[in-house]
Amino acid sequence: MKSEIKSAIIMGVIVVGIVAGLGAYFMSLEQPSNTQQTTTDKSGFKKAPELQGIAGYINTNADELKEKIKGKVVLYDIWTYSCINCQRTLPYITAWDEKYSDKGLVIIGIHSPEFEFEKDITNVKLATQKFGIKYPVVLDNDMEIWHSFDNHYWPRKYLADDQGYIRYDHIGEGNYDETEKKIQELLQERSQRLGLQVAPPQPLVNIKEEHPETNTPEIYFGYNYASGRNQFGNPEGFNPNNDVKYTVPQNIRQNNFYLDGTWKNLADKMILVSDTGRIILPYSAKQVNIVAAGKSDLSIYLDGKPLDKSKYGADVSQDGIVSTTDSRLYNIIRDTEQVNHVLEIQATSGLEMYTFTFG
């Protein structure tokens, strides 16, 4: 074969190879890749504020936490341990921590207290142990973090991507599937950005969601907290920072509480100072909880009769007594249906009552 023909053949092969290579290159630009970065316009998102004013750390320390959240998807959970609505979200949050903590998710519990006793780190530590919380918790005792997020609710979840932008938030209970799907989405974005293998969507956490039914709102005993939502039915009313002798009136109204005995009126609670006293409450709910403190023994009556064992709450003993010791939420009635009842609590001296909550 002549050298001219050989050269022409070789040149043709080279040209074909170049054309094929260019074609493959331009085709690759049109195909999605697992390592291709997702471009999201973040101009409308705010960045999560720096955590400041922290009064204490649980399950972490300042330096460790600062290092831990770098380049991670972060779920900020604003909660307080005596809040029943917060408590009902915790099984989901602890499950997400277990499921995604090794995949780029960091959960931070922002404990912003409603009552003074919730500022005590010992009380908060006991609560984290009780609810199985292993992720970092910071004490926001002066509500600096609360205000930096411009928050107004318990509980509230803010979800920030690995670049610190808040991409999702949810007020209150519920929307657990939606929240977890957003966690998965932001973890996938992070993996793509880092060139990591992107995990396929995983089955969502399967926890039976509680749907509390109640017509009775949360009821506060402290005169400051009751401002604008006063459901204190005694004609004597509040008398700030004084001891008042109360008597239950003949006519009582639904969703109002009534006191018998001598009670000290304080900004966030009432304290029973007489040897014995009573609380009367006509309500409508399946479950009744009290946020209480002080050492006292409570006997629970429903519609004039001792509470039936079938309706015992989690904190009622076998003999029908609720003994308050720690400053926390106590579950006193757990019913199967929502019916109107009249609750009576007979208490011994020392009871500190903060709120009634319902479910």
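Every number here is computed from the coordinates shown, using simple stated rules; none is lab data. As the structure is a computational prediction, the values presented were derived from the model and not from experiment. Please note: Cβ atoms are built from the backbone with ideal geometry, for glycine as well, and neighbour counts cover all protein chains shown.
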Practice item. Over the residues of the stretch 98-178, compute the C-alpha Rg and express it relative to 2.2 N^0.38 Å. Key: 1.16
Review point. When the Karplus curve 6.51 cos²θ - 1.76 cosθ + 1.60 is applied with θ = phi - 60°, which whole-Hz ³J(HN,Hα) does each residue of the stretch 256-270 get, with x for Gly and Pro?
Key: 10, 9, 9, 10, 10, x, 9, 10, 7, 8, 10, 4, 10, 6, 10
Review point. In deg cm²/dmol and to the nearest 500, what is the mean residue ellipticity at 222 nm of the chain if only DSSP H runs of at least 4 residues count, each as -39500 (n - 2.57), divided by the residue total?
Key: -8000 deg cm²/dmol
Review point. If Lys and Arg each add +1 and Asp and Glu each add -1, what is the summed charge of the other residues whose beta carbon sits under 15 Å from the beta carbon of residue 273?
Key: 0
Check your understanding: Just how large is the dipole of the chain about the Cα centre, in debye to the nearest 20, putting +1 at every Lys and Arg Cβ and -1 at every Asp and Glu Cβ?
Key -> 900 debye
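Calculate the FRET efficiency for residue 325 and residue 178 from the Cβ-Cβ distance with a Förster distance of 45 Å, rounded to the nearest 0.05.
Efficiency computed from Cβ-Cβ geometry: 0.70.
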Review point. Between residue 298 and residues 5 or more places away or on another chain, which pairs have amide H atoms under 5 Å apart, with H built 1.01 Å from N, and which residues are they?
Key: 322, 323, 324
Practice item. For the stretch 56-194, state the average projected area of the convex hull of the C-alpha atoms over all orientations, rounded to one decimal in nm². Key: 7.6 nm²
Review point. Whole-Hz Karplus ³J(HN,Hα) for the stretch 120-132, in order, using 6.51 cos²θ - 1.76 cosθ + 1.60 and θ = phi - 60°, x for Gly and Pro?
Key: 6, 4, 5, 5, 5, 4, 4, 5, 5, 5, 4, 8, x
**Study point:** Among the listed pairs 46/157; 269/295; 157/181, those beyond 18 Å (Cα-Cα)
**Key:** none
Check your understanding: Can you give the Kirkwood hydrodynamic radius of the stretch 290-348 from its Cα pairs, in Å with one decimal?
Key -> 11.7 Å
Revision key, fill the gap. Cα-only Rg/Rh for the stretch 219-358 with Kirkwood Rh rounds to 0.93
